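Peer 1: The structure follows.
The values are calculated or read from the model by the stated rules, or taken from the named source; none is laboratory data. Just so you know, these numbers come straight off a predicted model, no measurement behind them. Virtual Cβ from ideal backbone geometry, glycine too; neighbours counted across all protein chains shown. Just so you know, the surface numbers come from the protein's heavy atoms only, side chains and all, with ligands and any DNA or RNA stripped out. Shrake-Rupley method; radii C 1.70, N 1.55, O 1.52, S 1.80 Å.
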Amino acid sequence: MRLANLGGRAALITGDRALDVFDAGGFGPDPMDVLENWAAFTEWAGSAPEASSPYDPARLGPPVPRPRQVFAVALNYPPHAVEAGFEPPADPLVFTKFPTCVAGPQETVELPGDRVDWEVELVAVVGRGGHRIGEEAALGHVAGYTVGQDLSERRLQSLGEPPQFSLAKSFPGFGPTGPHLVTELAPGAAITCLLNDEVVQKASLADMIFGVPELVSRLSAVCRLLPGDLIFTGTPAGVGNRRTPPRYLTADDVLTSRVDGLGELRTRFRAAGAAVD
Ligand code: ZN
């Protein structure tokens, strides 16, 4: 099943067609409301009418527009840990992307300076919340998956001793997600990031050190997980600041982030402008 945010309303997607979830089934129309009622919604969706309305992909917003918690995991692929100069971690390294950074699948993101880097990631979306969820039960708490970009301003990220990641990864638009929330995912699906036409990151989801069930269990051992929470599960090797010479995003770049079976994001950039409300 593919669930999308189409102009702020939840929609079921089949191919190039959409079904408005509120009009057809009474859930939503806000995608957050659908996530709050995930069990009843999925039961209804199993026998929902076929999606029949053509839709404009430019209207796709973030599948989860207002998550209350956004978790992110550092160094979760061994080759990325090595390129960053660390041993693969024995425990998940968790930080937050503050929720105002969440954006949709076709965003134009303002660049706050000349050190903005890319990190393609699988994002797990929490359906039914919970505290102290066991690893065996964890996937029952996951609504589905989407593609994410953990955009990162490396100068701010490395300031301070020890450095603090969260602000540097939370500028407006620094959390592109989409294009849909998808309930099925192949375990060894490929995850790929292209800068313009060049493949800069490519790996298998099977290479993750801590898989989604373990992350759900470890996070929920501390925090109560809530419907719609996002878990950015870490990036593979190939980020810009570990290249020789380092490479960062410019206003001319187009960044394509893809997970096979989930779809792709296309993120564009613009130079920093004046203050905005
Ligand atoms: Zn990341």
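Peer 1: Using a 1.4 Å probe on the protein heavy atoms only, what accessible surface does ARG115 show? Give it in Å² to the nearest 10.
Peer 2: For ARG115, solvent-accessible area is about 80 Å².
Peer 1: Counting other Cβ atoms within 10 Å, which GluC sites (Glu not before Pro) in segment 184-228 have at most 12 and lie in a DSSP loop?
Peer 2: GLU184
Peer 1: Add +1 for every Lys or Arg and -1 for every Asp or Glu among the other residues with Cβ under 11 Å from the Cβ of PHE174, and state the total.
Peer 2: -4
Peer 1: Residues of segment 2-58: accessible area per residue at 1.4 Å, in Å²?
Peer 2: Normalised by residue count, the accessible surface of segment 2-58 is 49 Å².
Peer 1: A further question follows. Return the carbon/sulfur percentage of the accessible area of segment 12-56, one whole number, probe 1.4 Å, all protein chains in place. Show your work: numbers first, answer last.
Peer 2: Numbers: 1120 of 2370 Å².
Accessible surface attributable to carbon and sulfur in segment 12-56 totals 47 percent.
Peer 1: Any chance you could run the full-extension gain for LYS202 through THR14? It's 0.36 nm times the residue separation minus the Cα-Cα distance, nm to one decimal.
Peer 2: Here the answer is 65.0 nm.
Peer 1: With the other protein chains left in place, how much accessible area per residue, in square angstrom, belongs to segment 70-271 at a 1.4 angstrom probe?
Peer 2: Numbers: 8170 Å² over 202 residues.
Roughly 40 Å² per residue, with all protein chains present.
Peer 1: Among 55-68, 242-255, how do they line up by average Cβ neighbours within 10 Å per residue, starting with the highest?
Peer 2: 55-68, 242-255
Peer 1: Another question, then. Would you mind counting up the charge near PRO29? Only other residues with Cβ under 9 Å from its Cβ, with Lys and Arg at +1 and Asp and Glu at -1.
Peer 2: My count for the surroundings of PRO29 gives -3.
Peer 1: How large, in percent, is the carbon and sulfur part of the accessible surface of segment 95-194 at a probe radius of 1.4 Å?
Peer 2: Roughly 57 percent, rounded to a whole number.
Peer 1: Find how many whole Å separate the alpha carbon centroid of segment 225-277 from the alpha carbon centroid of segment 118-153.
Peer 2: If you average the Cα positions of each part, the centres end up 17 Å apart.
Peer 1: Given R₀ = 35 Å, what would the calculated FRET efficiency be for GLU50 paired with PHE98, taking r from the Cβ atoms and rounding to 0.05? List each step's numbers first, then the result.
Peer 2: On the way: r = 39 Å, r/R0 = 1.11.
The computed FRET efficiency comes out at 0.35.
Peer 1: What is the local net charge at ASP91, summed over the other residues whose Cβ is closer than 11 Å to its Cβ (Lys, Arg +1; Asp, Glu -1)?
Peer 2: Values: positive: ARG218; negative: GLU214.
Local charge sum for ASP91: 0.
Peer 1: Using label points projected 7 Å from each Cα along Cα→Cβ, tell me how many nm separate GLU161 and ASP252, to one decimal.
Peer 2: The two pseudo-label positions are separated by 3.9 nm.
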